[in-house]
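Colleague: Can you keep this structure in mind? I'll have questions shortly.
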Amino acid sequence: MERQVRVRFAPSPTGALHIGGVRTALYNYLFARQHDGVMLLRIEDTDSTRFVPGAEEYILESLDWLGIEIDEGLRAKKSKVESQKSKADIEIEAVGSHGPYRQSERREIYHLYVKQLLDSGHAYIAFDTPEELEAKRAEIPNFQYDARTRMMMRNSLTMPAEEVQALMDKGEKYVVRFLVEPNEDVHVHDLIRGEVVINSNILDDKVLYKSADDLPTYHLANIVDDHLMEISHVIRGEEWLPSAPLHVLLYRAFGWQDTMPQFAHLPLLLKPDGNGKLSKRDGDRLGFPVFPLEFHNQKDGTVSSGYRESGYLPEAVINFLGLLGWHGTGDKEIYSMQELIEEFSLDRVSKSGAKFDYEKGKWFNHQYLQLRTNEELAQMFRPLLAAQGIENPDMQMVAKVIGLTKDRVNFVPELWEQTNFFFLAPTEYDEKSLKKRWKEDSPRHMTEMLTLLEPISEEDWHRSYETRDDNGNTVIRWHLDDIIMPWIAAQEYGVGIVMNAFRICLVGAARGPHIWNITDVLGKEETLHRVRKALEVLG
RNA sequence: GGUGCUAUCGUCUAGCGGUUAGGACAAAAGAUUCUCAAUCUUUAAACCGGGGUUCGAUUCCCCGUAGCACUACCA
């Protein structure tokens, strides 16, 4: 019988959601959707000391932004329109019948299972304090709490039952440790890596529960919850591979081996330069975000940049991440979420770690930016214009300007440097451009050009028509071409000299789209004004 | 130190015993052009080393090397 596919993403609310975590969530989601399964979100907050306020909201909002939908567990409440303003202000809802979905709210459940393990002899109580353990580690090289050492420690295996009870009654802090039977080869079948075998000798008697905060550790909570929530596949990062055998042992100790989920350990995301896995710090160091959204850490006051705020489109981030560690059968690189869902498969996930190639991420964003309409981009650009002091712009004009420039940017915020001269007349002129393009004849050329441009009617100013070039290709020709080009030819001035000087007058530098597109957007009055101004300033 | 995982252009990767080792990013050159871009075309660029198995290994096995991960009362 085929079990229903139920996968979970189980982040820990200890800060912003790392981009590697986002990829894990994405792969879980793709797998769930492909198998008509359930994508569940559970919060693993069993470390009370590392909890960061706002992290939970952040995680859910990130997934929501990326279009990774949660079917069960905790999720961002659907209601909000696509407003980017109300961040860190989402509402959380819990759906499903396997809750609660925060581990901190499942204490009673864990008590039950800790007791089961204690009663069946698969676990024991240990009173060793952190200090005592530290001392042992200093004393014995490579000390490990296991079959070789547990009989020299202060635990229920070495102490009389009455003493154990007495200590507990006294309120002495204790932990419950898993009793690992030595010298057994534990087999883990991994969907990506195949059979992995580890001898139980190298496993230590992991702490499953700590009385200090009345909370289980990851290992116990994880197994109990995955079992109770009927998880069919555990898709997680490779850093968990070494503890997978422990988890297998735990399933067995509970007698759940028949319904144990299948494992798939994903390769890690590595630093773009040097060695090691991608960390939060790399982002700041190398100048790119490692988090989906900007994050204001309320605990330490730090602010981390995010993909959304950097101008990334969610579909670009999805495509980029989807291909970091997975590849389809062909040469296809551009995948929509739907296409990823259809083509994704765990056996095409690569085994080796992937260096995070930020440059390629930019390229993906460029691709998706071109796919958006000018009007959509104009709406996204609007707040940035406002930040530059351009309030209530003519949105039709903004869309038009974006149409002229979007193919040269990777991100919406880059649009400003490409389009600023459309909104603001140049106040200074780029020195390099002047040196190269503003010749001694330029003032005369511009003065003459003014007299040619002045009589042109408003209608003719904006008029263009299709024609064919020498090669027979259809091209746009502007009415202004018909005025200016013959004049340049007749005077034998040289097109480059005149037009570049003209461009400097309008733009302030030797850059920008085709010149007649600029005069078209600027309009006659503004164009002439800018030329006169330039003549004043540059002589 | 111990254990495990991994190993194709600088990067992401295709390849699943016989290929001129393919694609993409980045790079370089050219075309185009009033400028800067974009775009198009082209170029350069890789099977970690050594043993096996085999008629034949990038591909399968072993060893070495390297990288990474784990080795907490963190996840």
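The values are calculated or read from the model by the stated rules, or taken from the named source; none is laboratory data. Bear in mind that the values here come from a model prediction, so they are computed numbers and not experimental data. Using ideal geometry, Cβ is built from the backbone for each residue, glycine included, and neighbour counts are taken over all protein chains shown.
Colleague: Let me confirm something: among A:W438, A:W478, A:W487, which residue is in contact with a Phe, Trp or Tyr (Cβ under 7 Å, 6 or more places away or on another chain) and more than 30 Å from A:M380 (Cα to Cα)? Explain how you work it out, then say what you get.
Modeller: On the way: A:W438 fails: in contact with a Phe, Trp or Tyr (Cβ under 7 Å, 6 or more places away or on another chain); A:W487 fails: in contact with a Phe, Trp or Tyr (Cβ under 7 Å, 6 or more places away or on another chain).
After ruling out the rest, the residue left standing is A:W478.
Colleague: Sticking with this structure for a sec: What tally of residues in the stretch A:158-194 results from selecting those that are surrounded by 16 or more Cβ atoms within 10 Å (Cβ to Cβ) and assigned to a loop (DSSP other than H, G, I, E, B)? Give the derivation first.
Modeller: So in the stretch A:158-194, the residues surrounded by 16 or more Cβ atoms within 10 Å (Cβ to Cβ) come out as A:159, A:164, A:167, A:174-180, A:186, A:188, A:190-193.
So of that shortlist, the ones also assigned to a loop (DSSP other than H, G, I, E, B) come out as A:159, A:174, A:179-180, A:191-193.
The total comes to 7.
Colleague: Out of A:G311, A:G301, A:G330, which single residue is on the phi > 0 side of the Ramachandran plot, free of Cβ contacts under 8 Å to residues at least 24 places away in the same chain and not aliphatic (A, V, I, L, M)?
Modeller: None of the others qualify; the one that does is A:G301.
Colleague: Suppose we filter A:G508, A:G494, A:G472 for residues that are among the small types (G, A, S) and either in contact with a Gly (Cβ under 6 Å, 6 or more places away or on another chain) or surrounded by 19 or more Cβ atoms within 10 Å (Cβ to Cβ) (or both); which single one remains? It would help to see each step written out before you state the result.
Modeller: Details: A:G494 fails: either in contact with a Gly (Cβ under 6 Å, 6 or more places away or on another chain) or surrounded by 19 or more Cβ atoms within 10 Å (Cβ to Cβ) (or both); A:G472 fails: either in contact with a Gly (Cβ under 6 Å, 6 or more places away or on another chain) or surrounded by 19 or more Cβ atoms within 10 Å (Cβ to Cβ) (or both).
From the options A:G508, A:G494, A:G472, the qualifying one is A:G508.
Colleague: Does the stretch A:22-67 hold any residues that are of a type in the set (A, V, I, L, M), in a helix (DSSP H, G or I) and at pLDDT below 95, and which are they? Explain how you work it out, then say what you get.
Modeller: Initial filter on the stretch A:22-67 (of a type in the set (A, V, I, L, M)): A:22, A:25-26, A:30, A:32, A:38-41, A:43, A:52, A:55, A:59-60, A:63, A:66.
Adding the requirement that they be in a helix (DSSP H, G or I) leaves A:22, A:25-26, A:30, A:32, A:55, A:59-60, A:63, A:66.
A:A55 - this is the single residue of the stretch A:22-67 that is of a type in the set (A, V, I, L, M), in a helix (DSSP H, G or I) and at pLDDT below 95.
Colleague: Condition test on A:R408, is it surrounded by 15 or more Cβ atoms within 10 Å (Cβ to Cβ) and among the basic types (K, R)? Let's see the steps before the verdict.
Modeller: Values: surrounded by 15 or more Cβ atoms within 10 Å (Cβ to Cβ): no; among the basic types (K, R): yes.
No.
Colleague: Is it fair to say A:L450 is outside any loop (DSSP other than H, G, I, E, B) and under 14 Å from A:L535 (Cα atoms)? Spell out how you get there, then give the answer.
Modeller: Details: outside any loop (DSSP other than H, G, I, E, B): yes; under 14 Å from A:L535 (Cα atoms): yes.
The answer is yes for A:L450.
Colleague: Taking only the stretch A:98-112 into account, find how many residues are within 27 Å of the chain's Cα centre (by Cα), assigned to a helix (DSSP H, G or I) and of a type outside the set (S, T, Y).
Modeller: 1
A quick yes/no check of all residues on (1) over 23 Å from A:Y358 (Cα atoms); (2) crowded, with 21+ Cβ neighbours inside 10 Å; (3) not assigned by TED's automatic domain parsing to the domain that holds A:F127:
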position	(1), (2), (3)
A:A212	yes, no, no
A:I223	yes, yes, no
A:T259	yes, no, no
A:D273	no, no, yes
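Colleague: Could you tell me whether A:L415 is surrounded by 16 or more Cβ atoms within 10 Å (Cβ to Cβ) and either assigned by TED's automatic domain parsing to the domain that holds A:E525 or under 39 Å from the mean Cα position of the chain (by Cα) (or both)? Quick ask: steps written out before the conclusion?
Modeller: Working: surrounded by 16 or more Cβ atoms within 10 Å (Cβ to Cβ): yes; either assigned by TED's automatic domain parsing to the domain that holds A:E525 or under 39 Å from the mean Cα position of the chain (by Cα) (or both): yes.
Considered against the rule, which asks whether it is surrounded by 16 or more Cβ atoms within 10 Å (Cβ to Cβ) and either assigned by TED's automatic domain parsing to the domain that holds A:E525 or under 39 Å from the mean Cα position of the chain (by Cα) (or both), A:L415 comes out as yes.
Colleague: Let me ask another. For the stretch A:462-469, check the following and say yes or no: at least one residue is part of a helix (DSSP H, G or I) and either more than 13 Å from RNA strand B (Cβ to nearest atom) or of a type in the set (A, V, I, L, M, F, W, C) (or both). Give the derivation first.
Modeller: Our first condition is that a residue be part of a helix (DSSP H, G or I); within the stretch A:462-469, this holds for none.
No - not one qualifying residue is present in the stretch A:462-469.
Colleague: Further, regarding this structure: Can you tell me which residue within the stretch A:189-216, out of those that are of a type in the set (V, I, T) and modelled with pLDDT under 95, is farthest from RNA strand B (Cβ to nearest atom)?
Modeller: As a first pass, look at the stretch A:189-216 and keep what is of a type in the set (V, I, T): A:192, A:196-198, A:202, A:207.
Then keep just the ones that are modelled with pLDDT under 95; that gives A:196-198, A:202.
Values: A:V196: 5, A:V197: 7, A:I198: 5, A:I202: 5 Å.
Per the stated criteria, the residue is A:V197.
Colleague: When residues of the stretch A:334-353 are filtered for being within 14 Å of RNA strand B (Cβ to nearest atom) and within 12 Å of A:Y368 (Cβ to Cβ), how many remain?
Modeller: Matching residues across the stretch A:334-353 total 2.
Colleague: Which is of a type outside the set (G, A, S), assigned to a helix (DSSP H, G or I), under 30 Å from A:H233 (Cβ atoms) and touching a helix residue (DSSP H, G or I) at 6+ places or on another chain (Cβ under 9 Å), of A:K436, A:K360?
Modeller: Values: A:K436 fails: under 30 Å from A:H233 (Cβ atoms).
On inspection, the qualifying residue turns out to be A:K360.
Colleague: Suppose we filter A:T14, A:T24 for residues that are surrounded by fewer than 18 Cβ atoms within 10 Å (Cβ to Cβ) and among the β-branched types (V, I, T); which single one remains?
Modeller: On the way: A:T24 fails: surrounded by fewer than 18 Cβ atoms within 10 Å (Cβ to Cβ).
After applying the criteria, what remains is A:T14.
Colleague: Would you pick out the residues in the stretch A:132-142 that are within 40 Å of the chain's Cα centre (by Cα) and more than 8 Å from RNA strand B (Cβ to nearest atom)?
Modeller: Our first condition is that a residue be within 40 Å of the chain's Cα centre (by Cα); within the stretch A:132-142, this holds for A:133-134, A:137, A:142.
Selection gives A:E134 alone.
Colleague: Among the residues of the stretch A:471-492, is there at least one that is more than 12 Å from RNA strand B (Cβ to nearest atom), over 47 Å from the mean Cα position of the chain (by Cα) and not in a helix (DSSP H, G or I)?
Modeller: yes
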